[in-house]
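Here, each number is a calculation from the coordinates, and none is a lab measurement. From a predicted model like this one, the values you see are computed outputs, not experimental measurements.
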Amino acid sequence: MLRVAIYRRAAHQCDVRVRAVRPEQWSASTPDDDWDVHRLVRHVILGQRLVLQTLDGTDTEPSIPWAEE
């Protein structure tokens, strides 16, 4: 159960940070020249969704409409 609590705190902290991104920041660059903030956040969200699907035994195929963008 400790792992679940740690995961929930981490997810909450990620949510707080993503919600703080201002509209003009979504297109800002990241240390990787091929990624902007929008693409990085999309990647993190998809990855976390796959973690949850794996933990509960559901389909692990991406089911987020914008995952392939």
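Pull out a ≥ b ≥ c, the square roots of the eigenvalues of the alpha-carbon gyration tensor of region 15-58, then state rounded if a/c is under 1.5, prolate if not and a/b is larger than b/c, and oblate in the remaining case.
Details: a/c = 4.01, a/b = 1.93, b/c = 2.08.
Oblate is the answer for region 15-58, as a/c is 1.5 or above yet b/c matches or exceeds a/b.
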| note | Residue span VAL21 to ARG3: 0.36 nm per residue of separation minus Cα-Cα distance leaves a gain in nm of 3.7 nm
